[in-house]
Protein chains: 2
Amino acid sequence: MKKEKILIVDDEPDILEIVGYNLKKEGYTVFTANNGKESIKIAKKENPDLIILDVMMPEMDGMETCYQMRNISSLKDTLIAFLSARGEDYSQIAGFDAGADDYITKPVKPRVLVSKVKAILRRKGGTTSEEKDVEVGEIAIDRERYIIKKKGKEINLPKKEFELLSLLMSKPGRVYTREVIMNTIWGGEVVVGDRTIDVHIRKLREKLGDKYIKTVKGVGYKFEA
Amino acid sequence: MKKEKILIVDDEPDILEIVGYNLKKEGYTVFTANNGKESIKIAKKENPDLIILDVMMPEMDGMETCYQMRNISSLKDTLIAFLSARGEDYSQIAGFDAGADDYITKPVKPRVLVSKVKAILRRKGGTTSEEKDVEVGEIAIDRERYIIKKKGKEINLPKKEFELLSLLMSKPGRVYTREVIMNTIWGGEVVVGDRTIDVHIRKLREKLGDKYIKTVKGVGYKFEA
DNA sequence: AGCCTTTATTAATTAATTGTTAATCTTGAA
DNA sequence: TTCAAGATTAACAATTAATTAATAAAGGCT
């Protein structure tokens, strides 16, 4: 479900690491670049959903980078957030309409960062990949109607089961660790036991048949035809 | 198995006790200190895996303590989590600048605490080098799906075997000593006998065929086409 | 509101898989 | 040829997941 791509651009490796780490933990796919030029190359290739762009960078600064990105048609739906130190001259940034969608201030606080990123992406809503329905073999998912189909026959799933299946199917074959599942479906704050996941998995298997969801012991679960 | 060392630092004995008790119950080895100075002394001596540091302390506060700890080379890999009252001004903490890896909020709820600590420590283990997929001759590795392929045919490997093969294949031809293998796959904490590696190697050879993994007697093992 | 139904979570038990060790055998380098 | 390093095997231990049933929480409906 939450497999949005995020590109982080900063010249300080430390920042890349902590921001990247915290977002990865939440299940996002993270790319990093340490200068404007590189970031544009990656952005073109990966088409991220969100780009977090440090304002202060040597050579090509964040605003310039942003400006160039905005002229790339494939990136016209991409969100861009500026990363800037508190107290840096806001007026200049704000005044210059480079097309940023939001601001994040340093020093970066993990919780704040994560919830902000979630908020930004939520705002974007419905668009791209996130909401794309998947169909794998006999199982199809309809996120809009919140139902799934098995061989064309509709099956109703409770919320948690639906989201779990949704996550697993969002990239068939890929193993999702319990940690990622937890963070994605329950969020960082809620704490539920490990067995809870098992039980939901079991219910899914009951309804879909055993062959789809596979256990990778010691690692996690994956969906496979 | 779970014998990670945790150092808890707080000026309130109550907190030390409740946190310490709950972590001991989970099998961790717990040390306590009631001020920054003492905590640094203990940290140097015991080299804990995780330090839980109260932000608000008389004399040397959590941030200052954290900062000093970060300058001690033996504590480079130690995780530090801040303990702070919910609602305390986060911006004042500027946690990541001082090098904290996570936050825990008071009041401490045992279950939340324990699972959070587990998560933090698990993370540490998982951080070890994000290796990329390789393909050598007839054998290909797919870390995302957690499978390997031999001539396109998928083979499922248990975790340890997968990681072992993964390591050997990460640089084909290179010999990995037992020591390196141990440290990479089991980590410094766990101690297992030498034969254990042999057994895993054997299982791999059974599944892949003998020709890929070569023994370099007196030195280690290597993967070769 | 109170009742009923569905969904979510937990706890306790069982089952399966995976990991480790110990004991013995084999091999190859000095 | 000798002998330490490694291979092999099977027994055993530990870990992890599956299952079941019970309980709690949420939602719907008169």
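FYI, it's all coordinate maths here, none of it is from the lab. Quick caveat: nothing in here was measured; it's all calculated off a predicted structure. Neighbour counts are summed over all protein chains in view; Cβ atoms, including those assigned to glycine, are modelled from backbone coordinates with ideal geometry.
A few points about this structure:
- Given in Å, the Rg to one decimal and the Dmax to the nearest whole number for the Cα atoms of the range B:1-80 are 11.7, 37.
- Pairs over the 21 Å Cα-Cα cut-off, from the set A:Lys25/A:Lys76; A:Lys150/A:Lys214; B:Lys149/B:Lys222; B:Lys24/B:Lys118; A:Lys150/A:Lys211: A:Lys25/A:Lys76.
- The listed peptides A:63-74, B:159-170, ordered by packing as a protection proxy, come out as B:159-170, A:63-74 (highest mean of other Cβ atoms within 10 Å first).
- Converting the Cα gyration tensor eigenvalues of the range B:135-223 into ellipsoid dimensions via √(5λ) gives semi-axes, longest first, of 21, 15, 12 Å.
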